[in-house]
Structure formats: C-alpha cells, structure tokens
C-alpha cells in the first residue's frame, strides 16, 4: 500500500510515526513549548532524529473548548516553520489545518500533506487539494472544537464514523483527488465519549474495509486519562499501549507527541510479527 505525498511516496508496508509540532500557545498537552519558529523547527528536527517519518505542523489548537484563530495569525505561526523545514527536513511535512487558504500557502511553502479535522468540508478546501499532488487526511469530528465534547451522541458510533469517512472519501475522489493520496482518521476525542473512543479502538479494523490507510491520533488524549488516571503530561504508557493496539488492528500512521517511545514499541511489533 503506497501513499503519494507530493514528491514523496510512502510504502505503508510498516506503520509510520507522525511527530506533532504545535506552533500554538494553547494546545492541550504542549501549548507554548514550540510557540516560535526557532523552537518549532528545533523540536521538529529533534523528532526526526528520534525516528519520526512525518512532521505535522499545526497553528491552531483543536482541543475541546479551544477558540478559533484568525487566518492571519495561523499563517504567521506555520508558514515560516514550513519554509525552514522544507529546506532542512528529510521527511514529508503535513499542515494541520481546515482553512483552505492555509492549505494553499502551506503547500506552496513546501507541505506534502494536509491533515484536516473537517475532512475538506470547508468551502474551497476540496479544490485546493485537487489542484495539488499532496496527500490529505480526512478526519471525523462531531460538532466543532468549541462544542464537540458537550454532549456527544451516536446510535452506533462505529457505523456512523465509517459512513462519514466513506462519504468524504467518495466526495474527494469524485472531485478529482486520487485515492492513493488519501488517509482516513476516526477522530479519537473529537466529539466522542470515553465509551465511544473505546468502541472505536475495539473495532478499528472494521474501518480498514473502507480502503485508504488509517491514521490514528490517541497520543495524550483525555480518554487515556479516564482509563489510567494520569494528567496530560503523564500519559506516555497509556499512549504506547493504545498505539500498539491500534497498529495491531490495522492503523498505518500514528500521530504522536512521544516519537522515540512509539518508534521503539513499533520495533518490538515488527520483530514479533
């Protein structure tokens, strides 16, 4: 299974690790740690040294309750980081945004992937991707970051997430985006209760039936704290367990804060399998 990401082609015969670079003051786990271009670039290069296969650059927090960031502010945060990393990075660069103009300018600056929590539903987003050759991750979210955790409700969370991702896949392909450029993300923590998240993990393999490779982002999520009882900075062990289970159930890309620990865990899986 190959994923086309602009100038890169990723052979997903093994799981890949996507390292998180939040150029934000208010992300739930690491807000403010990479709030300048210099700090963000240094962190990104450190993640590559730890074994990250992809870098995911974000300039707007999507944690529960987070307030939107203006277009100008988001561009000010992420574009300089992508421009620098484009010349230094040996791995694909992803832009974590739902705004079409940020997507367009990030791709022009050197991004090879778009990671969109709104699955290209914003007006103009599909066309930006159609006019490029970069990869895109389509994620499921119920509500918005401001409302998604107020009262998440599903009749059948796995079926509904699967149907949404299938619909967005079909819309993207119909618009002209080739399927070998598409990833799917069930959106753990985005409009889901503890029970919803656990059910999605248990039945993750069902989502592989849709076709495109799955990206999973469980790193330091609050569902891990509800299980293990730790705060956001102490969820490493729970996160590694979730990552290992996700890969064994079919995930191809893991979006994580703790790159070295995840890479080591995946080496153990590879040796055993």
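The values are calculated or read from the model by the stated rules, or taken from the named source; none is laboratory data. Bear in mind that the values here come from a model prediction, so they are computed numbers and not experimental data. All Cβ positions, glycine included, derive from the backbone under ideal geometry; neighbour counts span all protein chains shown.
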**Request:** Examine segment 212-228 for a residue that is more than 18 Å from the chain's Cα centre (by Cα) and either modelled with pLDDT of 95 or more or outside any helix (DSSP H, G or I) (or both), and state whether such a residue exists.
**Result:** no
**Item:** Selected residue (criterion: surrounded by the most Cβ atoms within 10 Å (Cβ to Cβ)) from residues of segment 168-201 that are without any contact (Cβ under 8 Å) to a residue 40 or more places away in the chain and assigned to a helix (DSSP H, G or I)
**Value:** 197
**Message:** So the check is Cβ under 7 Å with 6+ separation or different chains; which pairs have a first residue in segment 67-80 that's over 19 Å from residue 110 (Cα atoms) and a second one that's in a helix (DSSP H, G or I) and modelled with pLDDT of 95 or more?
**Reply:** none
**Asked** For segment 81-93, does any single residue satisfy the condition of being out of contact with any helix residue (DSSP H, G or I) (no Cβ under 7 Å at 6 or more places or on another chain), closer than 25 Å to residue 261 by Cβ and not in a loop (DSSP other than H, G, I, E, B)?
**Response** no
**Request:** Taking the residues in segment 83-122 that are within 17 Å of residue 47 (Cα to Cα) and more than 17 Å from the chain's Cα centre (by Cα) as candidates, determine which candidate is surrounded by the most Cβ atoms within 10 Å (Cβ to Cβ).
**Result:** 85
**Asked** Which pairs do you get when a residue that is on the phi > 0 side of the Ramachandran plot, found in segment 217-239, comes within reach of a residue that is surrounded by 22 or more Cβ atoms within 10 Å (Cβ to Cβ) and at pLDDT below 90, reach meaning Cβ atoms under 8 angstrom, with the pair 6+ apart or on two chains?
**Response** 220/235
**Asked** Is it true that residue 163 is free of Cβ contacts under 8 Å to residues at least 40 places away in the same chain, part of a loop (DSSP other than H, G, I, E, B) and more than 23 Å from residue 18 (Cβ to Cβ)?
**Response** no
**Prompt:** Where residues in segment 124-152 are touching a helix residue (DSSP H, G or I) at 6+ places or on another chain (Cβ under 9 Å) and at pLDDT below 85, which of them is farthest from residue 67 (Cα to Cα)?
**Reply:** 152
**Request:** Go through (1) at pLDDT 95 or above; (2) over 21 Å from residue 213 (Cβ atoms); (3) touching a helix residue (DSSP H, G or I) at 6+ places or on another chain (Cβ under 6 Å); (4) in a loop (DSSP other than H, G, I, E, B) and name the single condition residue 111 misses.
**Result:** (2)
**Prompt:** Can residue 136 be described as in a strand (DSSP E or B) and within 30 Å of residue 210 (Cβ to Cβ)?
**Reply:** yes
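Table: residues versus (1) out of contact with any strand residue (DSSP E or B) (no Cβ under 6 Å at 6 or more places or on another chain); (2) buried (at least 24 other Cβ atoms within 10 Å of the Cβ); (3) at pLDDT 95 or above; (4) closer than 12 Å to residue 93 by Cα.
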{"residue": "11", "(1), (2), (3), (4)": "no, no, yes, no"}
{"residue": "30", "(1), (2), (3), (4)": "no, no, no, no"}
{"residue": "40", "(1), (2), (3), (4)": "no, yes, no, no"}
{"residue": "46", "(1), (2), (3), (4)": "yes, no, yes, no"}
{"residue": "55", "(1), (2), (3), (4)": "no, yes, yes, yes"}
{"residue": "63", "(1), (2), (3), (4)": "yes, no, no, no"}
{"residue": "67", "(1), (2), (3), (4)": "yes, no, no, no"}
{"residue": "72", "(1), (2), (3), (4)": "yes, no, yes, no"}
